[in-house]
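> Before I ask anything, here is the structure I am working with.
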Amino acid sequence: MAIPCAGSWNQFSWVAVLTGVVLFECAVLALNQCRCPLTDLAGRYTKAHKENFDIYLPLWLARRNKIIFGTLFVLGELFVLCRWLMARK
């Protein structure tokens, strides 16, 4: 939510920083075969290994979090792109 909010306030330098943070997180996930590197650490301390054992989300959301939040990220970036293009005119 911070990216579209910053974009709506024309704070494009903040948008760039926040986008960089999200893309860094995506790179970490990509390098770790789409798994959070902390999942293995959390797995050492529990016998439960459902898809949401290491995250405080409902199971249905934990299963689809990359799709849902990835879509929201792309939509937020498209919104910011439109705002940036309008601000340049």
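The values are calculated or read from the model by the stated rules, or taken from the named source; none is laboratory data. All figures in this text were calculated on a predicted structure; none of them were measured in a lab. Reconstructed Cβ throughout: ideal geometry from the backbone, glycine too, with neighbour counts over all protein chains shown. SASA here: full protein model, heavy atoms, side chains in, ligands and nucleic acids out. Shrake-Rupley method; radii C 1.70, N 1.55, O 1.52, S 1.80 Å.
> I want to check the label-to-label distance for Leu85 and Leu31. Put each point 7 Å from Cα in the C-beta direction and report it in nm to one decimal.
3.4 nm
> When ligands, DNA and RNA are left out and all protein chains stay put, how many square angstrom of accessible area per residue does the chain have with a 1.4 Å probe?
Spelled out: the 1.4 Å probe surface of the chain, per residue, equals 80 Å².
> Further, regarding this structure: Give me the Debye-computed log₁₀ of I(q)/I(0) at q = 0.27 Å⁻¹ for the range 40-82, equal point scatterers on Cα only, no solvent, two decimals.
Taken in order of the listed q values, log10 I(q)/I(0) reads -0.89.
> Let me ask you something else. Heavy atoms only, 1.4 Å probe, whole protein assembly: order Tyr56, Tyr45 by accessible area, highest first.
The most accessible residue leads, giving Tyr56, Tyr45.
> Hey, another quick one. Can you run phi through the Karplus equation (6.51, -1.76, 1.60; θ = phi - 60°) for the range 15-27 and list ³J(HN,Hα) in whole Hz, with x for Gly and Pro?
4, 5, 5, 5, 5, x, 5, 5, 5, 5, 4, 4, 5
> Taking the full set of protein chains and a 1.4 angstrom probe, give the accessible area of Thr39 in square angstrom, rounded to the nearest 10.
So the heavy atoms of Thr39 present about 20 Å² to solvent.
> Probe radius 1.4 Å, ligands and nucleic acids left out: which of Phe69, Phe53 has the largest accessible area, and how do the rest follow? List each step's numbers first, then the result.
On the way: Phe69 100, Phe53 60 Å².
The ordering from most to least exposed comes out as Phe69, Phe53.
> Sticking with this one: For a test of the definition: using alpha carbon positions, the gyration tensor, and the 1.5 limit on a/c, classify the chain as rounded, prolate or oblate.
Here the chain falls in the prolate category.
> While we're looking at this one, here's another question. So for Leu31, Leu57, what's the accessible-area order with a 1.4 Å probe, most first?
Output order, biggest surface exposure first: Leu31, Leu57.
> Using R₀ = 22 Å, calculate the FRET efficiency as 1/(1 + (r/R₀)^6) where r is the Cβ-Cβ separation of Leu38 and Leu61; round to 0.05.
0.75
> Could you give me the ³J(HN,Hα) list for the range 78-89, computed from phi with Karplus coefficients 6.51, -1.76, 1.60 and θ = phi - 60°, whole Hz, x at Gly and Pro?
The phi angles translate into 5, 4, 5, 4, 4, 4, 5, 5, 5, 5, 6, 7 Hz.
> Moving on. When the accessible area of the range 1-77 is split by element with a 1.4 Å probe, what percent falls to carbon and sulfur?
68 percent
> Right, here's the next one. Could you work out [θ]222 nm for the chain from helices alone, using -39500 (n - 2.57) per DSSP H run of at least four and dividing by all its residues? Round to the nearest 500 deg cm²/dmol.
The helix contribution divided over the chain gives -24000 deg cm²/dmol.
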